[in-house]
Amino acid sequence: MSTSLPILEVQHLRKVYKSTVAVNDVSLQVIEGTCLGLLGPNGAGKTTTIEIIEDIIPPTSGEIRYRGKPRAQSFREEVGIQFQHTSLLNYLSVLETLKTFAKLFTDPEELDFLIEKCQLQPILERRNNKLSGGQQQRLLLALALINKPNLVFLDEPSTGLDPQARRNLWGIVEEIKAEGKTIILTTHSMEEAEHLCDRVAIMDQGDIIADGSPAELIERYCGQGTIFLPGNFDTRILTSLPYRWLKEHNRIRIEGDDIHAIIGRLSGMNADLTGMSIGAANLEDVFIRLTGRQLRD
Ligand code: ATP
């Protein structure tokens, strides 16, 4: 249940490797019972940030507070981490894997509950190396929940899954959220972020460059929607205008706050606007507006 209190507070986090500033100055709060998504292009610093928060690597500087206090030794045992590439022992079955991990904790979750929650019943006897991507992710999720954590970290939970397996996994994550657990996830999928996250923080080059609910960010950065022109539009016209534009597959995206002004300028130059469309903005538009880049999905 959400208490509107931050379960986690991060202040001025910084991580510097020899010549690389992986995380420059990240501050954020996560309210209990909500889902925060960390988004950003490759190399933005998401994994480093999350691994510092998880207490896997130390920060160069900065402070992290869990339930109002510096993280105690027990922090690692109290949180759940779904790794992207946990090496599961090939020769173990799903059930054997669950039992093996359960033995690591003094008060593990009921296995029957986890099996049902993560839809593992039909594959309990299957060996880990025979699992599909979706089945493997469901097992990794069950393992992340095995110590009854209140705070769960998911690292790109649906990467590589087909649309059905992905929707299925989202359903499970939503159920976990409905139980009152707090979730922090990294993702490259805007759709996933819009679907699961109450708040998203967009990172670029080691900093958070925007944060808010998906709806707030869309309103703040792309309230009027986005103009698209057909791919064969004569782009020489655009080079003389003060708007950034991007060529995407078979269309051209024009960036600008005031779409009426953009259309006015284009019409004034007698541009052929046949095939122009205005799309309702989504989180991907916000991301492109802020970073100038598209996310790989
Ligand atoms: P991706 O989406 O590709 O996973 P990311 O946003 O998670 O990227 P990080 O993996 O946190 O980004 O990396 C941020 C920057 O820090 C990158 O430039 C990366 O090369 C660098 N970096 C990360 N780990 C190390 C390390 N152990 N030593 C040196 N540089 C590192």
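Measure out, as a whole number of angstrom, how far apart the alpha-carbon centroids of the range 1-63 and the range 142-169 sit. After rounding, the separation between the Cα centres reads 19 Å.
Once the dipole of the chain is set up with Lys and Arg at +1 and Asp and Glu at -1 on Cβ about the Cα centre, which of 68, 245, 267 lies farthest towards its positive end? Highest projection toward the positive end goes to 245.
Between the amide H of residue 60 and those of 14, 15, 16, distances stay under 5 Å, these residues lying 5 or more places away or on another chain, with hydrogens modeled in the peptide plane.
Near the amide H of residue 81, within less than 5 Å, lie the amide hydrogens of 153, all on another chain or at least 5 residues away, with H placed in the peptide plane.
Here's how it looks for residue 207: its modeled amide H is under 5 Å from those of 24, which are all 5 or more places away or on a different chain.
If only the Cβ of Lys and Arg carry +1 and only the Cβ of Asp and Glu carry -1, the dipole of the chain around its Cα centre is close to 680 debye. Computed over the alpha-carbon atoms, the range 171-240 gives an Rg to Rh ratio of 1.13, Rh here being the Kirkwood radius from the mean inverse distance. About its Cα centre, the range 67-143 has a charge dipole of approximately 340 debye under the convention of +1 per Lys or Arg Cβ and -1 per Asp or Glu Cβ, with nothing else charged.
Determine, for 113, 101, 287, 75, the number of other Cβ atoms within 10 Å of each Cβ, and report the residues in order from fewest to most. Write out the running numbers ahead of the final one.
Working: 113 12, 101 20, 287 27, 75 17.
Listing 113, 101, 287, 75 from fewest to most nearby Cβ atoms yields 113, 75, 101, 287.
Ordered by the count of other Cβ atoms within 10 Å of each Cβ, fewest first, 233, 105, 83, 228 give 105, 83, 228, 233.
Put simply, the C-alpha atoms of the range 6-212 give a gyration tensor, and the ellipsoid matching it has half-axes of 29, 19, 16 Å, longest first. Of 203, 276, the sequence from fewest to most neighbouring Cβ atoms within 10 angstrom is 276, 203.
Once you compute Rg and the Kirkwood Rh from C-alpha atoms, what is the Rg to Rh ratio for the range 218-297?
Values: Rg = 12.1 Å, Rh = 12.9 Å.
Rg/Rh for the range 218-297 comes to 0.94.
Name the residue from 180, 280, 88 whose Cα lies farthest towards the positive end of the charge dipole of the chain, charges +1 on Cβ of Lys and Arg and -1 on Cβ of Asp and Glu. With unit charges placed on the Cβ atoms, the residue in question is 88.
Taken together, the values in this text are just the output of simple stated rules run on the coordinates, not laboratory data. This is a predicted model, so every value here is computed, not measured. All Cβ positions, even for glycine, are placed from backbone atoms using ideal geometry, and neighbour counts span all protein chains on display.
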